[in-house]
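One structure is given below, encoded as structure tokens.
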Amino acid sequence: MKKHILLFLFLISFTTQAYNKKLELKTNSFISNIEILSDKFNINKLAVQHAIRGYEKLKEAGQLINQRYLTIADFSKPSSAKRLFIIDMQKMEIVVNTLVAHGRNSGVLFAKNFSNKNNSYQSSLGFYITGEIYKGKHGMSLQLTGIETGINDKAKQRAIVMHGADYVNDQLIQKQGYIGRSLGCPAVPQNQVRDIIQTIKGASLLYIYAPNTNYTKQSSYIS
């Protein structure tokens, strides 16, 4: 009987150690990925941390079909910076780094104000799942579903999509110091829109980040 108890205790101890080791490796990998992406590619560290955390949660929940790519729009940077990053999650490499617009009422050079309301013409922060390609008034466009209640879940009502725009270009930055602004959509350069959309279509994750305490308090995906 005593031998059985000792064996049982040994098995519990072994299982616990194995679990803790696995958890430690996962944690170390998570931290390592944040450091690599943030330092190597100059992305805001919190933006990467939040994005990967949300990616892992949604991946485990089975909501991401296109799991290879994670897109971050880092609105802690000015619109004159290349602040859209498409990350290959298998290779931990950036495959696209380019300009992206914010909403006209969110700010001029920096996006500072955010809204989920119709006709606000502001950007909405948080996590979006990409949908299908369609041809709209801006040409080739990509559907976006905001998945955070009260934060960006009115994206479809507001017609928030990813599309190309002539006002997102380097020439405008040289002329006025910032790119043009959208009605709330994350608009990208017209000469890159096709490649961007083809890469991230079909239920991949887009995360729009800004250092905003209201969002941090509300979001359930980054806790």
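The values are calculated or read from the model by the stated rules, or taken from the named source; none is laboratory data. In this text the structure is predicted, and so the values were computed from the model without any measurement. Cβ placement follows ideal geometry from the backbone for every residue including glycine, while neighbour counts extend to all protein chains displayed. What goes into the accessible areas is simple: the full protein's heavy atoms, side chains included, and nothing from ligands, DNA or RNA. Shrake-Rupley method; radii C 1.70, N 1.55, O 1.52, S 1.80 Å.
Some notes on this structure:
- Selection over the stretch 122-165 of residues that are assigned to a loop (DSSP other than H, G, I, E, B), under 17 Å from the mean Cα position of the chain (by Cα) and either at pLDDT below 95 or hydroxyl-bearing (Ser, Thr, Tyr) (or both) gives a count of 2.
- Single residue of 70, 99, 144, 84 found to be open to solvent by less than 30 Å² (accessible area, probe 1.4 Å) and touching a helix residue (DSSP H, G or I) at 6+ places or on another chain (Cβ under 7 Å): 70
- Considering residues of the stretch 166-209 that are charged (D, E, K, R) and within 21 Å of the chain's Cα centre (by Cα) only, the residue farthest from residue 56 (Cα to Cα): 181
- When we screen 122, 90, 190, 176 for residues that are farther than 27 Å from residue 37 by Cα and in contact (Cβ under 8 Å) with a residue 12 or more places away in the chain, the only hit is 122.
- Checking each residue in the stretch 178-209 for being in contact with a strand residue (DSSP E or B) (Cβ under 7 Å, 6 or more places away or on another chain), surrounded by 21 or more Cβ atoms within 10 Å (Cβ to Cβ) and assigned to a loop (DSSP other than H, G, I, E, B) picks out 181, 184, 185, 186, 187, 204.
- Among the residues of this structure, residue 107 does not count as one that is surrounded by 17 or more Cβ atoms within 10 Å (Cβ to Cβ), of a type outside the set (A, V, I, L, M, F, W, C) and under 17 Å from the mean Cα position of the chain (by Cα).
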